[in-house]
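Shown next, in C-alpha cells, is the structure this report addresses.
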Amino acid sequence: MAATQVIRSEWTKIRSVASTVWTLSLAVVVTIALGMLISALSKSEFDNMSRTERLSFDPTFISFAGMSLGQLAMIVFGVLVVSNEYSTGMIRTSLAAVPQRGTFLFSKIAVAAGLALVVSMATSFVTFFLGQAMLGSHKASLGDTGVLRAVIGGGLYMTLIAVFSMGMAAMLRSPMLSLGILMPFFFLISNILGNVDATKKIGWYLPDQAGSKIMQVVTPIDDDTPYGPWGGLAIMVVWVVAALAGGCLLLKKRDA
C-alpha cells in the first residue's frame, strides 16, 4: 500500500473514533478555561505580592497555567491513537494491509501529530489572548520580547506531549498500562523530583519540565536551570525521538 493511502487510512481511523475527538476537545476547553481562571486570580492578587514575586511575574507563562491539565487530555489522545487498535484486535488487520511496520507506525503518528499541532497552536494563541485579557493592566503583548516564541512554544509543547505518549503507547501496546505509567510520571514523579532539592537536578531533564521552559518569558529570580527555552525544548525532543524509536523497534520485533 502506498504511503499516501496509508496516511489517508490513518486519518479516517482517527476522525471516526469519538474518543480521540473528545479528548482533543477537552484539551482545548480545559487549557483555555483554567488559563483564564488563573490569570484572573493572579490579577486580583498582584497588589499583595512581594517584591520578589513581582519581579518574577510572567503574564505569558501564567496564561498557560491550564496546560498542566490540558496535557492530560493530550496524553490520553496520544495513547488512544496508537493503542486502540491493540485493544480491539484491529492491529492484525492493519498490519496485514500494511506489512511495512515502520511505514504503518509513522503514518499513524504523522497524521495524529499534525492534528495535534493544529489544535495545540490554536489553543495556545487563544489561551494567551484570553489570559492577557483577564490580567488587565498586567498583561503582556504578542510583540514583547520572547512572547511570540513562548506562545508558539506552548503549541509545540502540547504537540510533543502527545507524540511522546504515542511512542510510549507503541512500546507498551495496552492503553491501561500506558496511561498507568504516563499519568503518574507526569503528574506525580516529575513534580516530586522537581520540587525536592536532592532530586531537582534530575527533574530538570524530564520531558515536561524541560519542555515547559519554552513558555517562560520572565526567568524567576531563584531559577538556576542550566539551559534556556530552546535548550529545554531540545531536551524534550530527545525524549520524544527516543520514545518513537523504541516504539518502532518493538513493533518490528514483536508479533501483533
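Of the residues 235, 214, only one is outside any loop (DSSP other than H, G, I, E, B), more than 19 Å from residue 64 (Cα to Cα), of a type outside the set (Phe, Trp, Tyr) and in contact with a Pro (Cβ under 9 Å, 6 or more places away or on another chain); which? Criteria check complete, one pass: 235.
When you check residue 190 against the structure, is it part of a helix (DSSP H, G or I), among the hydroxyl-bearing types (Ser, Thr, Tyr) and within 22 Å of residue 110 (Cβ to Cβ), yes or no? I'd like the intermediate steps shown before the answer.
Values: part of a helix (DSSP H, G or I): yes; among the hydroxyl-bearing types (Ser, Thr, Tyr): yes; within 22 Å of residue 110 (Cβ to Cβ): no.
So residue 190 does not fit the description; no.
Residues of the stretch 219-232 that are out of contact with any Ser or Thr (no Cβ under 6 Å at 6 or more places or on another chain) and assigned to a loop (DSSP other than H, G, I, E, B): 219, 222, 223, 224, 225, 226, 227, 228.
Considering only the stretch 196-205, I want to know if a residue exists there that is of a type in the set (S, T, N, Q) and free of Cβ contacts under 8 Å to residues at least 60 places away in the same chain. I'd like the intermediate steps shown before the answer.
The first filter runs over the stretch 196-205 and keeps only residues of a type in the set (S, T, N, Q), leaving 199.
Adding the requirement that they be free of Cβ contacts under 8 Å to residues at least 60 places away in the same chain leaves 199.
Yes, the stretch 196-205 contains a residue that is of a type in the set (S, T, N, Q) and free of Cβ contacts under 8 Å to residues at least 60 places away in the same chain.
In the stretch 159-199, the residue that is surrounded by the fewest Cβ atoms within 10 Å (Cβ to Cβ) out of those that are within 13 Å of the chain's Cα centre (by Cα) and β-branched (Val, Ile, Thr) is 159.
Of the conditions (1) in contact with a Phe, Trp or Tyr (Cβ under 7 Å, 6 or more places away or on another chain); (2) modelled with pLDDT of 95 or more; (3) not aliphatic (A, V, I, L, M), residue 138 satisfies every one except a single condition; which number is it? Every condition holds for residue 138 apart from (2).
The values are calculated or read from the model by the stated rules, or taken from the named source; none is laboratory data. The model shown is predicted, which means the values in this text are computed figures rather than measured ones. Backbone-built Cβ (ideal geometry, glycine too); neighbour counts: all protein chains shown.
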